[in-house]
Amino acid sequence: MSRLRVGVIGAGTISQVEHIPNLVALGDLFELVGVADPSATARQFVTATWGVPCFKTPDALLDRKLDAVVIAAPDPLHHELVMAALARGSHVFCEKPLCYSPEEIADIIAARDKAGRVVQVGYMKRFDPAYRHAITVLPGTAKTLRYVSVEVNDPDAWPFIAHSRTKFGNDVPDALKQAAVNKKRAQVEAAFGKPLSKLAFSGYTSAYSSSLIHDVNAVHGLLDALGVPDGEVVGGQIFANGAGGQGTVRLLDGQAVWTMSHLTVPKLADYKERISLYFDDAILELEFPSPYLNHHPTRLTLKKSDGYTLSSDEIRPGYQEAFVEELRGFHASIVNGEPVVNLPEHAARDQKLLIGLTRRYLETI
């Protein structure tokens with residue numbers, strides 16, 4: 001079983017740019033049995049480009065007796081697809097957000113435990129070599145932490161995938177698209193116990209759950225390494241018609257504060273994603289490239305002072321690609337029993353914080 005029979009559900013951007021070619025390249029670990037997508041255009045392109053069989057429905061793919069499934073379908077379909085894969089006995093890798101509510105994630109955790117299978121969430125930053133190294137060189141402790149800052153501006157994928165081999169069609173049946181829209185609205189309403197305003201809905205599902213969620217998960221990992229417990233959400237704003245999200249978390253009873261912001265700047269071909277940790281006498285900073293730019297290393301910088309003398313060290317721990325390494329990690333968890341790096345429990349924690357940010361925003365309007 002060292003070479004796993006795997007299928008991919010969803011042939012959108014992340015699958016065409018990352019998951020499908022990466023699984024093909026990792027042929028010693030995975031046999032890519034097929035890809036499921038409702039778009040005939042996408043299916044024909046995937047087969048023509050990578051020689052992979054394609055299926056119109058997830059069920060048709062799941063019937064192929066798969067060891068594992070990579071789910072990269074639209075977000076509102078994640079819950080039902082993960083549950084269906086686990087019911088078939090498959091291990092599951094699911095892109096973020098795993099679900100819109102901790103309650104849906106609890107369903108998945110119960111189904112995972114019953115099936116005895118691995119479920120890993122697609123937070124690739126945990127596998128970034130610079131991020132992994134940052135965990136080992138944190139220049140302070142919980143006692144000296146003062147501030148955590150997350151700043152992201154993002155035009156979305158278009159400037160960074162033009163060189164990639166992709167093809168998308170507008171041929172998904174309207175009934176399927178509308179069903180996904182309806183599920184999304186129902187899931188978000190269930191997460192909050194009420195319907196959200198148009199702006200709050202857009203911000204929660206886009207700026208927060210689709211984008212900033214990566215940084216929330218990454219910061220949670222850094223705080224865990226420092227032994228810093230979860231804090232209190234004290235601020236949240238949704239702006240720019242839902243393309244912007246901001247939040248503030250009080251840490252360590254006010255000793256430290258964590259602020260975060262994400263803004264989509266749709267017509268600016270510039271990407272910047274920075275996580276900074278400020279201590280009494282040092283700053284650690286991670287500056288990530290666009291996730292679609294493979295082998296563009298994350299910049300890890302460590303600043304310290306020796307009296308009046310300031311030193312700034314840039315650390316380059318490697319060029320491994322995070323999207324590839326997370327698939328290697330998925331395989332190792334299934335075959336070798338290695339710990340799952342991104343558990344559904346982590347996703348529930350992240351989603352709870354994003355719900356808290358949204359609730360704080362709703363209190364201000």
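The values are calculated or read from the model by the stated rules, or taken from the named source; none is laboratory data. Only a predicted model underlies this, so the values are computations on that prediction, with no experimental measurement involved. Quick reminder, even Gly has a Cβ in these numbers, built from the backbone with ideal geometry, and neighbours come from all protein chains shown. Side chains are part of the model used for accessible areas, which takes the heavy atoms of the whole protein and leaves out ligands, DNA and RNA. Shrake-Rupley method; radii C 1.70, N 1.55, O 1.52, S 1.80 Å.
So which residues in region 173-221 are within 18 Å of the chain's Cα centre (by Cα) and acidic (Asp, Glu)?
215
Tell me, which residue of region 105-145 that is within 17 Å of residue 320 (Cα to Cα) and of a type in the set (D, E, K, R) is surrounded by the fewest Cβ atoms within 10 Å (Cβ to Cβ)?
Among them, the one singled out is 132.
Taking strands (runs of 3 or more DSSP E) that do not extend beyond region 235-353, which have at least 2 residues that are touching a Gly at 6+ places or on another chain (Cβ under 6 Å) and open to solvent by less than 10 Å² (accessible area, probe 1.4 Å)?
244-251, 256-264
Restricting attention to region 146-161, which residues are part of a helix (DSSP H, G or I) and surrounded by 13 or more Cβ atoms within 10 Å (Cβ to Cβ)?
159, 160, 161
For every residue, the table says whether it meets (1) of a type in the set (S, T, N, Q); (2) under 30 Å from residue 57 (Cα atoms).
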residue	(1), (2)
179	no, yes
202	yes, yes
220	no, no
234	no, no
240	no, no
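Kindly indicate the residue of region 121-164 that is in contact with a strand residue (DSSP E or B) (Cβ under 9 Å, 6 or more places away or on another chain) and among the basic types (Lys, Arg) and also nearest to residue 333 (Cα to Cα) among those meeting that condition.
Within region 121-164, the match that is nearest to residue 333 (Cα to Cα) is 125.
At pLDDT 95 or above and more than 27 Å from residue 305 (Cα to Cα): does that describe residue 199?
Yes, satisfied.
So, in region 86-103, of the ones that are within 30 Å of residue 193 (Cβ to Cβ), in contact with a strand residue (DSSP E or B) (Cβ under 8 Å, 6 or more places away or on another chain) and touching a residue at least 40 places away in the same chain (Cβ under 8 Å), which residue ends up surrounded by the most Cβ atoms within 10 Å (Cβ to Cβ)?
98
Sort out which residues of region 20-34 are in a loop (DSSP other than H, G, I, E, B) and surrounded by fewer than 15 Cβ atoms within 10 Å (Cβ to Cβ), and write them in order of number.
The answer is 27, 28.
I need the full set of residues from region 35-69 which are hydroxyl-bearing (Ser, Thr, Tyr), within 21 Å of residue 179 (Cα to Cα) and either open to solvent by 40 Å² or more (accessible area, probe 1.4 Å) or in a helix (DSSP H, G or I) (or both), in order please.
41, 57 - these are the residues of region 35-69 that are hydroxyl-bearing (Ser, Thr, Tyr), within 21 Å of residue 179 (Cα to Cα) and either open to solvent by 40 Å² or more (accessible area, probe 1.4 Å) or in a helix (DSSP H, G or I) (or both).
When you check residue 17 against the structure, is it open to solvent by 10 Å² or more (accessible area, probe 1.4 Å), touching a residue at least 12 places away in the same chain (Cβ under 8 Å), among the aliphatic types (A, V, I, L, M) and in contact with a Phe, Trp or Tyr (Cβ under 6 Å, 6 or more places away or on another chain), yes or no?
It is true that residue 17 is open to solvent by 10 Å² or more (accessible area, probe 1.4 Å), touching a residue at least 12 places away in the same chain (Cβ under 8 Å), among the aliphatic types (A, V, I, L, M) and in contact with a Phe, Trp or Tyr (Cβ under 6 Å, 6 or more places away or on another chain).
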